[in-house]
1. Would you order 155, 49 from fewest to most other beta-carbon atoms within 10 Å of each residue's own beta-carbon?
2. Once phi is turned into θ = phi - 60°, what whole-Hz ³J(HN,Hα) does the Karplus curve with 6.51, -1.76 and 1.60 give for every residue of the stretch 75-86, x standing for Gly and Pro?
3. Looking at the stretch 110-264, I'd like the Rg to Rh ratio, where Rg is from alpha-carbon atoms and Rh is Kirkwood's inverse mean 1/r.
4. Using a 10 angstrom cutoff on alpha carbons, build the Gaussian network for the chain and name the most mobile of 70, 19, 111.
5. Identify which of 216, 84, 253 has the largest mean-square fluctuation in a Gaussian network model of the chain, with springs joining Cα atoms closer than 10 Å.
6. Roughly what angle does helix 2-15 make with the longest principal axis of the chain, taking Cα atoms, 0 to 90 degrees, to the nearest 10?
7. Helix 137-151 against the longest principal axis of the chain: what's the angle in degrees, Cα atoms only, rounded to the nearest 10?
8. Could you go through the stretch 237-242 in sequence order and give the Karplus-derived ³J(HN,Hα) for each residue, using 6.51 cos²θ - 1.76 cosθ + 1.60 with θ = phi - 60°, rounded to whole Hz, and x for Gly and Pro?
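Since every read-out is calculated from the coordinates, none of them should be taken as a lab result. Model, not experiment: these values are computed from the prediction. Reconstructed Cβ throughout: ideal geometry from the backbone, glycine too, with neighbour counts over all protein chains shown.
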Amino acid sequence: MAALIILAIIVFAACTADLFWDYQKDACNINIPARLQKPSAQHWLGTDEMGRDMLCRIVYGARASLTVGLAATTFALLIGGALGAICGYYGGKLDNIIMRCTDVLLAIPGLLLAIAIMSAFKPNIFYISLALGISYISKFTRIVRSAVLTVREQEYIEAAKAIGAKDHTIILKHLLMNCMAPIFVQYALAIGSRILSVSTLSYIGMGIQAPTPDWGNMLSGARAYIRGNAYLVLGPGIALLLTISAFNLIGDGLRDALDPRLKK
């Protein structure tokens, strides 16, 4: 619940940022006379190496990170979930073909695969979300397939087949609806992982590009000024830590709430 409250505050700040700041003026435009100012009443978290307000950029960076994290994870869940459900329900040669393809994807480090994809496209939010989503499809495929295998032999599935229910109806209405617990848990955990990945890509210059604020490129830009200006990395670093920790704790909480074996 504490993690949920923290995440709600971060999401609220990201959604209402336009009420408090002008995006172009405060988050993007260069203001050299105001560069590297320490935290003060005017700039609560100080200004960066280009004179831009750090608090403003951190809040707008949350918007970019959350957008990519949610988009990439949702894309991976839809594609991987569909493939996993098909593999688990039908089995046979189709299952072998799809699972061997996922084995190939799993053999490639996810971040390396995302970098390879991003090298072929312009680095913007759409392509970053696509690259990070593709790199996570195989994991969702395996998770959903495993969950479907545990319930496909249940009596209510046999009953649905006996009354002539279509395959897609059985998969969507009976199989997946009874496999939501592990899927929800992995979905929450995957969002935090994707947020970390987009920050990593931005840090090495392959993700969201300046002057668009992102926690990764903020940390990258602060490297040369960290000595004597630690606030430049503390702000985006703590924001990244809190957001990822919140999603991980929410995933753990969902596991505890949805797994009947953990209930007394």
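1. Least to most surrounded, the residues fall as 155, 49.
2. Each residue's phi maps through the Karplus curve to give 4, 4, 5, 5, 6, x, x, 5, 5, x, 5, 5 Hz.
3. Rg divided by Rh gives 1.13.
4. 19
5. In the Gaussian network model the winner is 253.
6. Orientation of helix 2-15: about 60 degrees from the principal axis.
7. Here the helix axis deviates by roughly 40 degrees.
8. Ordered by residue, 3J(HN,Hα) equals x, 5, 4, 5, 4, 5 Hz.
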